[in-house]
Every structure is written in structure tokens, then in C-alpha cells.
Amino acid sequence: MEQMTGSTADRIEALRKKYGKDLVILGHHYQLDEVVQHVDIVGDSLELARRIPEIEARNIVFCGVYFMAESACLLARPGQKIFLPDHSADCAMARMAKAADVEKVLEKLSATGRKIVPLAYVNSSLAVKAVVGRFGGAVCTSSNAKVMLEWAFSQGDAVLFLPDRNLGRNTANALGIPAEQQVEIDAAGTMLDSDEVKNARLLLWPGCCPIHERLMKPEMVDEFHKHFPGCRVLVHPECTPDVVGRCDGAGSTAFLIKEAEKAAEAALEPALCIGTEFHLVHRLMERYADRINIIPLAQATCPDMEKVDAASLLATLEQLEQGVNEVTVEEALKAPARDSLVRMLENCR
């Protein structure tokens, strides 16, 4: 390749121009601004999953974390290649559910004679999605968790929701599922014979997003309401039920973005507090600075999302033809994992 000069941003744009229709760059809302400025399609997990099948470009560069790139591989067309600028960009929540553990738990639950339908949050590995697919389950995102949890309940006697206990509880609470019918299990499955588990409608895996669970606290919500009476706090449902219960609303990344836009247009609130990953909140703060004071509940950033930066994006584009940073998935896992994703897309059209 010819030598390129100029800033990192200029070099990225030159390569985008060079590849033209053969390249599409996708990016999650939690990505750094230095990356988002080069992205063709920005969205949350559901929006990006929906867009992949319509992309015709031969090369898709996914700026996000590893499980997202794996999902893109499942939905891509034959001949398309998926790239992730930094393969170490993982997800702490996804690591909390290992495929072997999930399979053992589902086998034990199936042996009881009850039909337990697994529902996996998209923040899970391809191997976990494959296990879920084999057991007749599906994937969900925070945007469609209510729809997919209702679907899962309709398919069997109970649901195993994984790996995020908080999204599971918050979604069940929104659907009116009594607390006594929601039971958190352990990853080893040592308590599956208890009457509590046998009578539960919803079994929750013991996982969480450390960013949303540990850094977003109930007292922070109370403090905001104290200083800004009448103003709202909106959070992502990966926050704990204690936090969500004190808030004025909870929803997906797409929900939070839309609510910020509506609040800015209405100009009825002097301030709006948003509790989710800080790069997105900061972007909203800047976008609507002249109309509303958007305040982060906590300056919580995802270290894995930050691993993909402008430098790693440039390096990937410079070596695209050599296949550097391409993401591939095990052939044996493709069909069942894709089944779990397709069930979500078909039920949420």
C-alpha cells in the first residue's frame, strides 16, 4: 500500500474513500467520539443487528466489542468479512456466563420435566448463544427484552434469563411478574432441586454489567432529585432494580437518546439526568447544550468499548486486504447461534 501522510482522522477518511462501497463501518453508541465520526451506521445492539443483513459491502468493520462482531458474522452474507479493530475488546458481563455452565444448568433443569426456555441477552458469547439456540431459546436486547421475555414465557413452563440478572429482574418487574416467582440461581446449578426454583417462573443467571451495577447508586438518583426537583432521571435497565425503582424511566440506549431529543425539543425541563455509559451521555450533553442541561448520573465508562480507538481503526483499514483483525466463528456453532438471533429478529420486526 502507498505511504499515507496526515492525521489519523484524515488517513481513515482517505481509506474509506478508497474502498467506497466495498466498506461499511458500524459503531455502537458507547464508542469514542474519535471513532464515531468515521462510522457509517451508529446504533445500539438491536439496530446494528437489524442493519447487517441489508449491507452489501464486502468488508464490514465493527467498532464495538467482541460479542457484537460475532453476531455480525452470523448475520452477514456469504463472502462478506467482519473485522473488529481490537480483539481484546470483550465484555465483562458476557464473561460471567460460560457456555459449558449454561449447558449443564439447562440439562439439569430439563431433567426435572419442566420446559425451561433460555433467553440470552445479546451481551453473551457466540458459544452461549449456540447453547441457547439448541435448547429452543432466543436472544434479546434491552430494546426488546419485554417482547422477548413474553415470547419465552409462551414457549414453556419457565424462563432462564442470562447473563444479566438486573435486566432480567427489571423486565420481569415491568411485566408484573411477582418477586417471589423470580429466583437467582448460581452458575454451578447447585440449588436447582429447591422448591424455590421448582416454583419459579423466571430463573436469573448471576451476572451483571459492572459499569451499570457498581457505579450507578440509588443515592445518586435521590441526590439529583433533591437538587433538581421535578426533573427526571432516566437509566439503562442494566442498573439494579433499586436504582430503576427510584428513577423516572428506564430503557435501552435508543430509548435514552430519543428521550433526550424529546426533552430538548420540548424545553420544559431545566435538567435531565441520564444513567448509562458516559461517552454516549457526553455526546448528548454537547448535542443539546443550548436547550437542556443533560447531566450524567455517573461518569461511568466501559474500558472494553474504549479499546477500539482511532488508531486501531486506522490499523485495521490499512491492513484490510491482508485480513488483519478479521473475526471468524466456529462452523459448528453457527447454525444454533444464528437460530437464537433469528428468533429475536422474527419476533421483533
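The values are calculated or read from the model by the stated rules, or taken from the named source; none is laboratory data. It should be emphasised that the depicted structure is a prediction, and the values quoted were computed from it without experimental measurement. Please note: Cβ atoms are built from the backbone with ideal geometry, for glycine as well, and neighbour counts cover all protein chains shown.
Remarks
- Which listed residue is charged (D, E, K, R) and buried (at least 18 other Cβ atoms within 10 Å of the Cβ), from 259, 265, 286, 269: 259
- Residue within the stretch 221-230 that is within 22 Å of the chain's Cα centre (by Cα) and either crowded, with 20+ Cβ neighbours inside 10 Å or among the acidic types (Asp, Glu) (or both) present: no
Matching residues to (1) in the same structural domain as residue 184 (by TED's automatic domain parsing); (2) under 21 Å from residue 312 (Cα atoms); (3) crowded, with 20+ Cβ neighbours inside 10 Å; (4) modelled with pLDDT under 95:
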position	(1), (2), (3), (4)
3	no, yes, no, yes
17	no, yes, no, no
24	no, yes, yes, no
50	no, no, no, yes
54	no, no, no, yes
68	no, yes, yes, yes
76	no, no, no, yes
86	no, yes, yes, no
98	yes, no, no, no
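One line per residue, one yes/no per condition, for (1) buried (at least 24 other Cβ atoms within 10 Å of the Cβ); (2) out of contact with any Asp or Glu (no Cβ under 8 Å at 6 or more places or on another chain); (3) among the aromatic types (Phe, Trp, Tyr):
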| position | (1), (2), (3) |
| --- | --- |
| 132 | yes, yes, no |
| 137 | yes, yes, no |
| 178 | no, yes, no |
| 207 | yes, no, no |
| 212 | yes, no, no |
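- Test: residue in the stretch 204-217 that is outside any loop (DSSP other than H, G, I, E, B), of a type outside the set (D, E, K, R), at negative phi and free of Cβ contacts under 8 Å to residues at least 40 places away in the same chain: no
- Count - residues of the stretch 74-94 that are without any contact (Cβ under 8 Å) to a residue 12 or more places away in the chain and more than 23 Å from residue 343 (Cα to Cα): 0
- Residues that are closer than 23 Å to residue 176 by Cα and touching a Ser or Thr at 6+ places or on another chain (Cβ under 8 Å) do not occur anywhere in the stretch 265-278.
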